[in-house]
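Participant: This is the structure, below, for whatever I ask next.
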Amino acid sequence: MNRYNVDIAALSETRLPGYDSLEDHGYIFFWRGRSTQERREAGVGFAVRREITEMLDEEPVPINDRIMTMRLSLQRKMYATLICVYAPKMTNTEEVKEKIYSDLRETIRRVPTDVRLIIVGDFNVRVGSDTEKWKGVLGSHGVGRQSKSKVN
């Protein structure tokens, strides 16, 4: 992340237990996962450059093992709320999927309207392989059969 000058990275599928943080190489990693007694197949978090964490009013807030929020102080008493989401895969039950999306809707609803909202993460979505139709959204990289169209 240092090499690419990344300030904040949203993390998915961390598989780390509980809610905790650690500092390494100038970043503080915050994560939320399931307990040590549960199968840890999800987990979300943020990796935040150390200097930026000093501007946080509070540590990132875990909603569950698939949603975490972080509030950033911007200029002129403005704020941004980042929501990191790791959506369940299509193989999960409808109950699991509905619970996560219900939690996400409620999390979004709680963000004040005068706060910048940024939603990031892994939504486990597949939009197809037509890179011409989805120019700027879908790249030509990936696994499996891909479109032969050129990407500018």
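Participant: Just give me the residues in segment 92-105 being touching a strand residue (DSSP E or B) at 6+ places or on another chain (Cβ under 9 Å) and open to solvent by 80 Å² or more (accessible area, probe 1.4 Å), in sequence order.
Facilitator: Going through segment 92-105, the residues touching a strand residue (DSSP E or B) at 6+ places or on another chain (Cβ under 9 Å) turn out to be 99-100, 103-104.
Hit for segment 92-105 is 99, nothing else.
Participant: Further question on the same structure: Name the pairs: first residue in segment 17-28 and farther than 9 Å from residue 50 by Cα, second residue hydrophobic (A, V, I, L, M, F, W, C) and open to solvent by less than 80 Å² (accessible area, probe 1.4 Å), Cβ to Cβ under 7 Å, at least 6 apart or on different chains?
Facilitator: So the pair list comes out as 20/31; 21/28; 21/29; 21/30; 22/29.
Participant: Looking for something over 25 Å from residue 15 (Cβ atoms), in a loop (DSSP other than H, G, I, E, B) and modelled with pLDDT of 90 or more - is there at least one such residue anywhere in segment 118-128? Lay out the reasoning, then the answer.
Facilitator: First pass over segment 118-128, keeping only residues over 25 Å from residue 15 (Cβ atoms): 127-128.
Filter once more, so that each one left must be in a loop (DSSP other than H, G, I, E, B): 127-128.
Filter again for modelled with pLDDT of 90 or more, leaving none.
Within segment 118-128, none of the residues are over 25 Å from residue 15 (Cβ atoms), in a loop (DSSP other than H, G, I, E, B) and modelled with pLDDT of 90 or more.
Participant: Kindly provide the set of residues from segment 53-97 that are of a type in the set (D, E, K, R) and more than 16 Å from residue 122 (Cα to Cα), ordered by number.
Facilitator: Within segment 53-97, the subset of a type in the set (D, E, K, R) is 54, 57-59, 65-66, 71, 76-77, 89, 94-95, 97.
Within segment 53-97, 54, 57, 58, 59, 71, 76, 77, 94, 95 qualify.
Participant: Which one is farthest from residue 82 (Cα to Cα), of the residues in segment 12-68 that are in a strand (DSSP E or B) and in contact with a helix residue (DSSP H, G or I) (Cβ under 8 Å, 6 or more places away or on another chain)? Spell out the reasoning first.
Facilitator: Residues of segment 12-68 that are in a strand (DSSP E or B), as a first pass: 12, 19-24, 27-32, 44-49, 56, 61-64, 67-68.
Among the residues that remain, those that are also in contact with a helix residue (DSSP H, G or I) (Cβ under 8 Å, 6 or more places away or on another chain) are: 23, 27-28, 63-64, 67.
Details: 23: 20, 27: 17, 28: 16, 63: 13, 64: 15, 67: 10 Å.
Ranking the candidates gives 23 first.
Participant: Identify, by number, the condition in (1) under 25 Å from residue 4 (Cα atoms); (2) among the basic types (Lys, Arg); (3) at pLDDT 95 or above that residue 135 doesn't meet.
Facilitator: With respect to (1) under 25 Å from residue 4 (Cα atoms); (2) among the basic types (Lys, Arg); (3) at pLDDT 95 or above, residue 135 is out only on (3).
Participant: Taking residue 50 as the residue in question, decide whether it is surrounded by fewer than 17 Cβ atoms within 10 Å (Cβ to Cβ), more than 19 Å from residue 122 (Cβ to Cβ) and of a type in the set (Lys, Arg).
Facilitator: On the way: surrounded by fewer than 17 Cβ atoms within 10 Å (Cβ to Cβ): yes; more than 19 Å from residue 122 (Cβ to Cβ): yes; of a type in the set (Lys, Arg): yes.
Yes; evaluated as a whole, the condition is true for this residue.
Participant: Please find, within segment 72-91, the residue that is nearest to residue 29 (Cα to Cα) out of those that are buried (at least 16 other Cβ atoms within 10 Å of the Cβ) and out of contact with any Lys or Arg (no Cβ under 6 Å at 6 or more places or on another chain).
Facilitator: Here is the first cut: in segment 72-91, the residues buried (at least 16 other Cβ atoms within 10 Å of the Cβ) are 72, 81-88.
Those still in the list that are out of contact with any Lys or Arg (no Cβ under 6 Å at 6 or more places or on another chain) too: 72, 82-85, 87.
Working: 72: 16, 82: 15, 83: 15, 84: 13, 85: 16, 87: 20 Å.
By that ranking, first place goes to 84.
The values are calculated or read from the model by the stated rules, or taken from the named source; none is laboratory data. Quick caveat: nothing in here was measured; it's all calculated off a predicted structure. We place every Cβ from the backbone using ideal geometry, glycine too, and count neighbours over all the protein chains shown. Heavy atoms of the whole protein, side chains included, go into the accessibility calculation; ligands, DNA and RNA do not. Shrake-Rupley method; radii C 1.70, N 1.55, O 1.52, S 1.80 Å.
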